1. Please tell me if Asp532 is part of a loop (DSSP other than H, G, I, E, B), modelled with pLDDT under 95 and in contact with an Asp or Glu (Cβ under 9 Å, 6 or more places away or on another chain).
2. If I go through segment 399-420 residue by residue, how many of them are out of contact with any Asp or Glu (no Cβ under 6 Å at 6 or more places or on another chain), modelled with pLDDT of 90 or more and not hydrophobic (A, V, I, L, M, F, W, C)?
3. If you check every pair at least six apart or on different chains, which have Cβ atoms under 6 Å apart with a residue in segment 51-68 that is closer than 13 Å to Lys101 by Cβ first and a residue that is modelled with pLDDT of 95 or more and open to solvent by 20 Å² or more (accessible area, probe 1.4 Å) second?
4. Checking Glu270 against (1) touching a residue at least 12 places away in the same chain (Cβ under 8 Å); (2) surrounded by fewer than 16 Cβ atoms within 10 Å (Cβ to Cβ); (3) not small (Gly, Ala, Ser): exactly one of these is not met. Which one?
5. I need every pair where a residue in segment 485-509 that is of a type in the set (Phe, Trp, Tyr) has its Cβ under 7 Å from the Cβ of a residue that is in a strand (DSSP E or B) and modelled with pLDDT of 95 or more, sequence separation at least 6 or different chains.
6. Taking Asn477, is it at pLDDT below 95, open to solvent by 40 Å² or more (accessible area, probe 1.4 Å) and assigned to a loop (DSSP other than H, G, I, E, B)?
7. Where in segment 37-77 are there helices (runs of 4 or more DSSP H), lying wholly inside it, with at least 2 residues that are over 17 Å from Glu92 (Cβ atoms) and touching a helix residue (DSSP H, G or I) at 6+ places or on another chain (Cβ under 6 Å)?
8. Filtering segment 171-190 down to residues that are open to solvent by 10 Å² or more (accessible area, probe 1.4 Å) and aromatic (Phe, Trp, Tyr), which residue is nearest to Val157 (Cα to Cα)?
Amino acid sequence: MITKINKVLSVGLMCCGIAAALTACTDTWDDHYESLGSGNMHEGTLWQAIKSNPNLSNFAKVIEECDYAKNLNGSQVFTVFAPTNDNFSSEEAAALISEYKAQDAAKVTEEDNTVIKEFIQNHMALYNYSVSPASRDSIVLMNGKYAVLGGNNIDGVEMLTKNQLYGNGVLFTLKNKVEFLPNVFEYMRKDPDLDSLRSFFYNSHYYYKVFVPERSVAGSIVDGKTQYLDSVFTQRNELFSQINAQLNTEDSTYIFLAPTNATWKQLIEEYEPYFNYPPSYKDRDSMAYTQPRLAIINGTAFSRTFNTDATLPDSAMSESCIRNYTMRLASWGGLPFEYYEYRRPLDSPFGVLNQSADDIVPCSNGQVHKATQWNIDKLMSFHQWRIIQAEGRNSIKETSKVVDKGDSVSTIDINQRIVNSDMRNFYGRIWDNAFVEFTPAFSNVNHSVTFTLRNVLSNIGYDIYLVTVPALANDSNATAEQRVPTILRCTLKAPGRDAEVLGDTYTTKADSIDYLLLAEDYKFDYCTYGVDDEDLQVTLKVETRVSNAQQRNKQYTRTMRIDCILLVPHETLYVPEEVPYIWVMPHGVPSDNHPVGAWIIQR
């Protein structure tokens, strides 16, 4: 069962919207009539002209058998570029007719029928066009493809006759067929090496028709509902929104990294364990199917607007990355947080776009790179750091409580603290320059706060850190009593497991930021990525373990100052040697230059 994607996704295709794409054409029939000249005016319709021309008999047979003659025999205006029998044989025509009928029997719609789209509509355009010896125009064919119309050719195919004007359009005859060049999305369906990718993108759950009432012809109203005389639909593919790229759009240009069937199978086998959802989760089956596949395709589309020949040797920014450097720096900091941007993508052997010339396929809107080897590191795509800010929205699940005067009240007060730029030893080294101070409301008991750790993956290692800060971080006048450390115990609760104390107790540092390593290479049994059920989330309970005597003696405090919880992928990130540094999380001395709090290791 396939029922769910986390985001609300919607991207329209052009398959049924050809007329809307052509609204920029403002030439009227009279304008064209004058430009063509009355001497070229012929009796009858385009269909009558094609049907009566013996050298167009093979083309005419395809038009007739594919039920398209009615279009060319009506009042709508077309320009037709008809290949003659010289290089379009009866055998080719018969093969096309057979394929059309097979798809028609399989209930394939006209707009999706490849014979209509790739042959018939590839030789027609709405409205009428004429040429002169100096002509060179770009026109939109009926299938949405752009074609160059020259003085004596279309897309390089020689015209035998031209500018023949009929009652509903203009007829050109051609020496050969106009080649159909698929776009990236169409190419998926054509290459048997990409069957696995095609089955995902063309799955009817994600790729379906949507009624467009504003472009449909309304009729009468019956029982309060509008009846439509002519209903217009468009195709929508939700996955285009997921990867932020409309792979079917003819006026955009992409490089698309497409895993071959063998590569897809290998990735699915590797990724599926990372998305093992709790058995009680209502959408378990659909999420377990969808998420590993989304993990593959995210970060595989590269707009050529932002990835030029000049910039590609250095890096490739996929449509899934945060493209604006300032925003990315504010959100993450830098390496290893440059998710979905890949360094030196053309380099051998590890560049993500390092494919042989035979595996690079030209398309009408870019290129498909067929990947027989997958060079996208999951640490640069979906296996990301999980940063749970203490002050973040919905981070705190609950705090410890006591019954006071009949009411259940929290034993601690929650106060967000801001680290100002004048705090030079701490500003820029605390995540988002903010932390939460949990101050005892009752001094005679220990306290706890429980955090929700969302969007963890299963069966893949995390190093879990608790980041604490001192009183001096936002108060340079903190007293000696306020600056004493605290003692903490941390308990993890994950779906499928009993509550688990991580390590023993941890004593924070009195006057410096502390990264407390709670667990190393910890693997969760179940994934919570995209789970909306609060009862199935991972939680971490942080509690003070300070005795009354320790507090009275002012050795330790029951005040907790927590910056964040980090779930850091345990695996090592591959970084090309040309990159002079990497930012990682070893035990060591933090760098004053780091913008978010991890450490820099120089090569």
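1. It is true that Asp532 is part of a loop (DSSP other than H, G, I, E, B), modelled with pLDDT under 95 and in contact with an Asp or Glu (Cβ under 9 Å, 6 or more places away or on another chain).
2. Total satisfying the criteria: 7.
3. Val62/Leu96; Cys66/Tyr100
4. Only one criterion is unmet by Glu270, namely (1).
5. Qualifying pairs under 7 Å: Tyr506/Leu488.
6. Working: at pLDDT below 95: yes; open to solvent by 40 Å² or more (accessible area, probe 1.4 Å): yes; assigned to a loop (DSSP other than H, G, I, E, B): yes.
It is true that Asn477 is at pLDDT below 95, open to solvent by 40 Å² or more (accessible area, probe 1.4 Å) and assigned to a loop (DSSP other than H, G, I, E, B).
7. Output list reads 46-52, 69-72.
8. If we take residues in segment 171-190 being open to solvent by 10 Å² or more (accessible area, probe 1.4 Å) and aromatic (Phe, Trp, Tyr), then Phe180 is nearest to Val157 (Cα to Cα).
The values are calculated or read from the model by the stated rules, or taken from the named source; none is laboratory data. Because the structure is predicted, anything quoted here is derived from the model rather than measured. Please note: Cβ atoms are built from the backbone with ideal geometry, for glycine as well, and neighbour counts cover all protein chains shown. Note: accessible area is taken over every heavy atom of the protein model, side chains too, but ligands, DNA and RNA are not part of it. Shrake-Rupley method; radii C 1.70, N 1.55, O 1.52, S 1.80 Å.
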